[in-house]
Structures are given as C-alpha cells and as structure tokens.
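Have a look at the structure below before the remarks.
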Amino acid sequence: MARAKRQSTLDTRLAPTPLATRLAEYVIALRVRDFSENTIRNRYSHIRFFLEWCAERALLEPTEITRPVLERYQRHLFHYRKRDGEPMTFRSQHVRLVALRCWFRWLTRQNLILHNPASELELPRMGRRLPKHVLTISEAEQVLQQPDIHGPLGLRDRAILEVLYSCGIRRSEVIHLKLYDLDPERGTLVIRQGKGKKDRFVPIGERAIAWMQKYIREARPQLVVEPDHGTLFLSATGEEISPDHLTLTVHDYVFNAKIGKTGACHLFRHTMATLMLEGGADIRFIQQMLGHAELSTTEIYTHVSIRMLKQVHTATHPAAALDHEQAQPTTAADAEAQEDLFAALDAEAKEENEKPAEQKD
C-alpha cells in the first residue's frame, strides 16, 4: 500500500511512445536497485521534460536520439525561459542533462540501443557559489529563542532548532529520527538511511541533548498517539512531520527573529559548517558531520573515529557544551576546499527544494 502510494506521485501522463515505455522500464529498474523515491521522482521529471521536447519534434524511438539531437536539446535548455521569464540556472541545466546521461547509459547496458549518444555530451560548467546567508552566533541564538517553549509544539520546535544548529543534519534526517537514535552518554546521534541510504554517527552538543530530553519528558507524551512507532519529533496529530511543514516552521522562526536573513533547515547546515571552520575544525571532520563522502577538489575522504570527531565538535562548535567559551579563530582550511564545501551544500539545498519540472517551469 505504501509503495503504491509513493509510486503514484509520478505523473505518468505521457504519450504512449517507445521512449515513454523505456522510461517506465527505467523507473522500475531504479526501484529494483533500491534508489530513493526522491531520486526516482527527480530523474523521471527531468527525463519526461526531454521526452515532451522530443514529441514536439516527432522523435519517438530511442534509436532516433543521437548526439546532435542531445546537443540541440542542450541549446534548448540554455534558451528556455520559465514562467517567470527567468532562464534556467546552469546548475539546473546540468542536473537535467546528468539524468539523461544516466538513462542512456542504462539503455545501452540493457542492449536497447547500440550506442550511447550521451556518453560524450559536454555538460555546462557550474560556478562555485558561497551560501547566500549564514548565521552568526548571535543571530543563531536569536532564532533559537523564537519558539514558545511553554507549549508542546514550541518545545518540540526548540529541540529541532537545537539539533539543526548543533549537528547540521538534513531536513529529512531530522524527520526520520527515532527515540533510540540519541545516545546522551556518548553525546552522539545516529543518522539512519541518510543520503545514499548510508548510516552515520554525528556528535551532538550538551545543550541540544538537554533540550531533546526536556522535549521527550514534557512535550512528546502530549503529542504521541498509540501505537507509538518511536518517531522522535511528532506533529500535532502524533504523526511524522512532513518536510514542507518543517521547512515552513523553521523559515517562520528565522523571519520572526528579524535578523535580515532568510532560510530554513539548510541555513543551519551552512551555519554549522561555517562556525566549526571558523573555530578551527579540519574540513575532513566537517565532511563527516555533513555526510559527504567526498568533495571534488579536496583530498579523498578519510574515515575518522566518532570519538575524535566528538572532540573536534566540542572544541569548535559554540553550542556544543552548556558552558562553552567561544573558541579563538585559527587558520582556516584551504580556501578552495572551503569553497567546494559550500558549493556542495548549495547544490544539496537546491536538490532538496527542487520541484518536478511540470510544477516549476
């Protein structure tokens, strides 16, 4: 039942062409390989946009798609204008073309076409961009003060903000936390099935732990509905919080803080990384905190022990301990590596908030 519900989120109103049939088979293949529904939905959306372009030009068979055809489509993306009159960013163009490369590689491996026309397609270059907004320590504290902690939902929201600020985990990772994922004694949090369906440990500060425990003791019993499945943060109806609701909630707290900056869950992800770097943390530790396997121009990712990572987190994060003194800034990691880190975070934020093409364009 749950699988059928997830699959129904794909809009399958495509003309019944051989290309559309192959796309449907590709979606099934991705599910068999246990790709996340978010990845499947995005790839389907990007490929569908291409198929609609093909249909307008009477290109219906996979064998009719050649490299010149794909280059024409790439020029179409460059000149395309969205409903608001704005062009696609080079990052959006890049993402759409990568989806096609993955699809045609699969078609070739399945012997459905003899040659991969996308194998040598040159993708747009993507510039490196620093995050638009990052909170200072005082600004972060101001946002954290916004929830009304006298009610169960406000106490829940304060705990969520503390977790976002302390750990920098993704929105989806917050939503899926379970009660047993918190280890107060070791000061760690288990992130299960994060991006790429990988589990990892992350350190969590004493203050965040204190707020989580206060929420668990005082607020969660007022929200839980039997049977209790152990979800840590619950909605007003006792269910798992929806991603959009969490984004709007955090966005409103940032807005109400009147700090002149905007953002939501990912804003705290940027902030955590920035403040720890300013505190002297090595970028490899930041990578592990964020759950990034590797960054394009930094050294190959090296696993570090959770004990050492916990020590670095405590020493460099301003809210890691209840009586933490602000660390003195030390020489930051290589500037290019830091720029790549924030570019990766920016790309991740865009992917997280990206809507299907038929909705956005």
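Dimensions of the range 118-232 based on its C-alpha atoms, expressed as ranges along the principal axes with the largest first, amount to 58, 36, 27 Å.
Relative contact order of the range 27-102: 29 percent, from C-alpha pairs under 8 Å at least 6 residues apart in sequence. Starting from one equal scatterer on each C-alpha and no solvent at all, send me the Debye-based log10 I(q)/I(0) for the range 35-80 at q = 0.17, 0.28 Å⁻¹, two decimals. Here log10 of I(q) over I(0) equals -0.55, -1.04.
Once the other residues with Cβ under 14 Å from the Cβ of Glu141 are scored (Lys, Arg +1; Asp, Glu -1), what is the net sum? It would help to have the intermediate numbers written out before the result.
Working: positive: Arg158, Arg207, Lys258, Lys261; negative: Glu139, Glu162.
Net local charge, Glu141 excluded: +2.
Can you give me the accessible area per residue for the range 113-228, using a 1.4 Å probe, in Å²? Provide the component values of the computation, followed by the final result.
On the way: 5900 Å² over 116 residues.
With all protein chains present, the range 113-228 gives 51 Å² per residue.
In the range 31-138, how does Rg compare with the Kirkwood Rh, expressed as the Rg/Rh ratio over alpha carbon atoms? Don't skip to the answer; put the middle values down first.
Values: Rg = 16.5 Å, Rh = 15.7 Å.
Taking Rg over the Kirkwood Rh, I get 1.05.
Normalised by 2.2 N^0.38 Å, where N is the number of residues, the alpha-carbon radius of gyration of the range 184-261 equals 1.29.
Per atom type, the range 105-239 shows carbon and sulfur on 50% of its accessible surface, probed at 1.4 Å. For Ile241, the shell of other residues with beta-carbons less than 11 Å away shows a net charge of -2, using +1 for Lys and Arg and -1 for Asp and Glu. Measuring how big the range 221-280 is from its alpha-carbon positions, Rg and Dmax come out at 15.3, 46 Å. Taking the Cα centre of the range 77-151 as origin and assigning +1 to Lys and Arg Cβ atoms and -1 to Asp and Glu Cβ atoms, the resulting dipole is close to 520 debye.
The values are calculated or read from the model by the stated rules, or taken from the named source; none is laboratory data. Note that this is a predicted model, so its numbers are computed, not measured. Methodologically, a virtual Cβ is constructed for each residue, glycine included, from the backbone with ideal geometry; neighbour enumeration extends over all protein chains shown. Accessible surface areas use protein heavy atoms only, side chains included; no ligands, DNA or RNA. Shrake-Rupley method; radii C 1.70, N 1.55, O 1.52, S 1.80 Å.
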